[in-house]
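Everything on this sheet refers to the single structure shown next.
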Amino acid sequence: MTAVTAQRITSADHAREVAARLASEFALGAAERDRLRGLPFHEVERLAASGLLAVTVPAAYGGADLAASEVAEVVRILATADPNIAQIPHSHFVYLNLLRLAGSEEQRRWYFTRVLDGARIANAQSERGGATVAEVRTTLKPLGDGRFRIDGSKFYCTGSLFADVLAALVRLDDPGADSGLAPGEYIAYLPADTSGVEILDDWNALGQRTTGSGSVRFDGVLVTADQLVERSGAVRAPTGYGAFAQLLHVAIDAGIARGALTAATEFVRTRSRPWFEAGVERAIDDPLTIQRFGELAVAVVTAEATLTAAGLAVDAATIPDPGPEAAAAASLAVATAKIVADRAADEVASALFEVGGTRSAAADLNLDHFWRNARTHTLHDPVRWKFQHIGRAVLHGTPPPLHGVI
């Protein structure tokens with residue numbers, strides 16, 4: 001486990017204050033880290049030491065137990081500075097939530113305590129080569145002695161290079177006669193340095209370049225039943241599990257949009273020249289530039305407001321026994337927010353060059369990292385399917401599906 005000594009966050013206000021302070025630090029080197037693909041090991045250590053990674057630990061286990069909306073705001077603040085760092089703990093929060101919803105008392109006590117001490121969890125979930133992204137081919141096989149063997153490969157394992165614990169999605173087809181487990185999908189929580197685990201730094205996307213989203217291979221990895229959590233209790237029930245996970249993605253996109261708008265504003269104020277036909281001395285007095293910034297500001301503020309509304313809906317769906325109506329409302333609210341934030345992030349990050357002019361395209365400035373991050377991150381969970389779920393709810397009264405990705 002990690003050697004970081006973590007502080008304790010005590011309230012939502014405290015969390016926002018710490019997030020804002022870290023964001024001001026992380027923003028300074030974000031463009032350079034992106035240009036050089038400098039992995040943010042130091043910054044992630046700072047994040048873990050700040051206590052922000054433990055804000056969802058329930059109060060009964062010593063955590064701040066922040067609501068989903070507050071966690072999303074922390075992520076949004078970090079994403080305005082560096083969306084790579086904001087995305088790294090996404091799976092950390094998601095798999096802490098799985099423990100809260102479906103883990104045993106012993107599992108919750110063990111992992112929540114480790115996280116309060118600064119431990120970091122990363123995912124090993126997605127796979128290449130399957131018929132769809134939902135297909136799980138990494139196997140979990142009982143050995144008959146209380147242990148299970150994991151074999152398979154994972155891709156897009158965000159945060160894995162910085163992790164103490166990997167949360168690996170596996171499929172159990174034949175649990176054996178005496179394992180006490182049912183067939184199905186499980187999350188295996190295992191130390192990142194477990195024998196047979198290989199973490200590869202092979203992520204090469206055009207954006208979100210420093211998230212540590214490489215591959216993980218499992219070759220004869222041994223686990224015991226106390227490291228396994230069945231997914232169905234959280235994913236196939238109206239728990240708000242998927243809505244919470246998607247809400248954090250919305251927060252990242254909204255943060256990118258705000259960061260791009262801030263960068264565009266600073267550039268136009270300090271470096272841009274007005275178009276000669278405007279008849280003004282400063283770029284910020286060009287009426288067409290003013291108009292465009294008004295449009296971009298509306299897009300960003302709308303994304304932030306929709307994120308806030310979705311966060312409140314997820315809060316209502318993550319109380320004890322929220323009921324299917326609250327869970328459905330949360331998923332639809334988050335789907336709406338995802339569409340709005342997706343558009344804002346891509347539009348504002350691209351418009352930065354439109355309003356900044358030719359000077360803003362200089363390679364040494366690396367202002368394109370906003371657009372590359374937006375374009376890459378918004379590929380998560382295509383918004384065209386969000387429209388489908390919203391439309392079916394409006395026309396047919398059909399609730400969104402329970403599959404953990406809405």
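The values are calculated or read from the model by the stated rules, or taken from the named source; none is laboratory data. In this text the structure is predicted, and so the values were computed from the model without any measurement. FYI the Cβ positions are ideal-geometry reconstructions off the backbone, even for glycines, and counts take in every protein chain you see.
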Members of segment 156-195 that are in a loop (DSSP other than H, G, I, E, B), within 23 Å of P142 (Cβ to Cβ) and touching a residue at least 40 places away in the same chain (Cβ under 8 Å): S179, G180, L181, A182
Residues being within 19 Å of the chain's Cα centre (by Cα) and within 30 Å of N204 (Cβ to Cβ) - total across segment 13-32: 6
Residue among A122, A64 that is farther than 24 Å from V197 by Cβ and modelled with pLDDT of 95 or more: A64
Test: residue in segment 85-92 that is touching a strand residue (DSSP E or B) at 6+ places or on another chain (Cβ under 7 Å), in contact (Cβ under 8 Å) with a residue 60 or more places away in the chain and not in a loop (DSSP other than H, G, I, E, B): yes
Qualifying position, being of a type in the set (D, E) and under 27 Å from P324 (Cβ atoms), among E185, E198: E185
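For segment 52-69, how many residues meet the condition of being touching a residue at least 60 places away in the same chain (Cβ under 8 Å) and either buried (at least 24 other Cβ atoms within 10 Å of the Cβ) or among the charged types (D, E, K, R) (or both)? Spell out the reasoning first.
Step one: filter segment 52-69 for residues touching a residue at least 60 places away in the same chain (Cβ under 8 Å), giving 53-54, 67-69.
Next, only the ones that are either buried (at least 24 other Cβ atoms within 10 Å of the Cβ) or among the charged types (D, E, K, R) (or both) stay: 53-54, 68.
The qualifying residues number 3.
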Any pair with Cβ under 8 angstrom, 6 or more apart, that starts in segment 268-280 at a residue that is over 14 Å from V355 (Cα atoms) and ends at one that is modelled with pLDDT of 95 or more: V280/P274; V280/D286
Complete set of residues in segment 197-228 that are part of a loop (DSSP other than H, G, I, E, B) and either loosely packed, with under 15 Cβ neighbours inside 10 Å or assigned by TED's automatic domain parsing to the domain that holds N84 (or both): D201, D202, N204, L206
Top-ranked residue in segment 360-404 [being at pLDDT 95 or above and at positive phi; ranked as surrounded by the most Cβ atoms within 10 Å (Cβ to Cβ)]: N366
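Residues are listed down the side, and each one gets a yes or a no for (1) in the same structural domain as A344 (by TED's automatic domain parsing); (2) buried (at least 20 other Cβ atoms within 10 Å of the Cβ); (3) part of a helix (DSSP H, G or I):
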position: A263; (1), (2), (3): yes, yes, yes
position: P274; (1), (2), (3): yes, no, no
position: E277; (1), (2), (3): yes, no, yes
position: T289; (1), (2), (3): yes, yes, yes
position: T302; (1), (2), (3): yes, no, yes
position: G311; (1), (2), (3): yes, yes, yes
Test: residue in segment 61-82 that is among the basic types (K, R), assigned to a helix (DSSP H, G or I) and closer than 30 Å to S232 by Cβ: no
R33 in contact (Cβ under 8 Å) with a residue 60 or more places away in the chain, in contact with a Pro (Cβ under 8 Å, 6 or more places away or on another chain), among the charged types (D, E, K, R) and closer than 24 Å to Q208 by Cα: yes
